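The values are calculated or read from the model by the stated rules, or taken from the named source; none is laboratory data. As the structure is a prediction and not an experimental result, all values here were calculated from the model. Side chains are part of the model used for accessible areas, which takes the heavy atoms of the whole protein and leaves out ligands, DNA and RNA. Shrake-Rupley method; radii C 1.70, N 1.55, O 1.52, S 1.80 Å.
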Amino acid sequence: LAKTTQPISMDSYEGQEVNITCSHNNIATNDYITWYQQFPSQGPRFIIQGYKTKVTNEVASLFIPADRKSSTLSLPRVSLSDTAVYYCLLTNAGKSTFGDGTTLTVKP
Amino acid sequence: EPEVTQTPSHQVTQMGQEVILRCVPISNHLYFYWYRQILGQKVEFLVSFYNNEISEKSEIFDDQFSVERPDGSNFTLKIRSTKLEDSAMYFCASRGTGGMNTEAFFGQGTRLTVV
């Protein structure tokens, strides 16, 4: 599976919108882009998944440009409880390879 | 909301002992996975399981590891002779029937400590 690259860490403040961008230059035709959230000592929790264009659910939006070489996870109005590690994955035939993730710290 | 359940939450074992980590996937799911996460490191894929057989495994999943779905509800990971470096969080995940790229649901993990 192609490698993904994310910023190691990001800081934000409560109430702000946070955008985390992931690069996946070698994405394959059959790869889906999936984002997970992980709190310390817990299992990863699914946030959102998409193939192209824009996907929105009750917690986040995912923007994927036409070339699919990157994607951006958008978290509207973050709170302190959104402090976690966010992983961008490429998923193909069920297998997911986790990268290093982005540690988001939300400050009051 | 259905969830993946893992037991025990924490297991301490002596080096060289066998351990079995247990998982109950979401009931109508067909694809099952084990991942591990060494403290402070990223989540690593171990093995995927479908239709009662291993569909893919990583280089970590050597002969010391085995998986089984003994009774149609449980999904187990056995480590035959534990080593200190097997200490990690082990996560089970399952995925449903909506296609090969539907999201996987993870359990809360088992923290394995080998002493």
**Prompt:** Working out 0.36 nm times the residue gap between residue A:74 and residue A:51, then minus their Cα-Cα distance, what length gain in nm do you get to one decimal?
**Reply:** 6.7 nm
**Complete:** For the range B:12-23, Karplus-derived ³J(HN,Hα) couplings (6.51, -1.76, 1.60; θ = phi - 60°; whole Hz; x for glycine and proline) come out as 10, 9, 8, 3, x, 7, 8, 10, 10, 9, 10, 9
**Message:** Out of the total accessible area of chain B (probe 1.4 Å, heavy atoms of protein only), what percent is carbon and sulfur?
**Reply:** 46 percent
**Request:** Go through B:111, A:68 and list them by solvent-accessible area, largest first, probe radius 1.4 Å.
**Result:** B:111, A:68
**Fill in**
Per residue, accessible area of chain A with a 1.4 Å probe, heavy atoms of protein chains only, in Å², comes to 49 Å²
**Using θ = phi - 60° and Karplus 6.51 cos²θ - 1.76 cosθ + 1.60, couplings along the range B:26-34 (whole Hz; Gly, Pro as x)** = 5, 4, 9, 7, 10, 10, 10, 9, 10
**Item:** Accessible surface buried once B binds A (1.4 Å probe; total of both sides; Å²)
**Value:** 1600 Å²
**Asked** If you roll a 1.4 Å probe over the range A:9-107 with all protein chains in place, what percent of the accessible area is carbon or sulfur?
**Response** 47 percent
**Where the range B:5-114 is the region considered: accessible area per residue in Å², 1.4 Å probe** = 49 Å²
**Item:** Antiparallel DSSP beta bridges within the range A:1-103, as percent of all bridges there, nearest 5
**Value:** 95 percent
**Message:** How large is the accessible surface of residue B:84 in square angstrom, using a 1.4 angstrom probe and rounding to the nearest 10?
**Reply:** 90 Å²
**Request:** In whole Hz, with x marking every Gly and Pro, tabulate ³J(HN,Hα) for the range A:3-20 from phi via Karplus 6.51 cos²θ - 1.76 cosθ + 1.60, θ = phi - 60°.
**Result:** 7, 10, 10, 10, x, 5, 8, 8, 10, 8, 10, 3, x, 7, 8, 10, 10, 10
**Distance violations [Cα-Cα > 26 Å] among A:54/B:57; A:52/A:95; A:69/B:42; A:69/A:95; A:3/B:83; A:95/B:78** = A:54/B:57; A:3/B:83
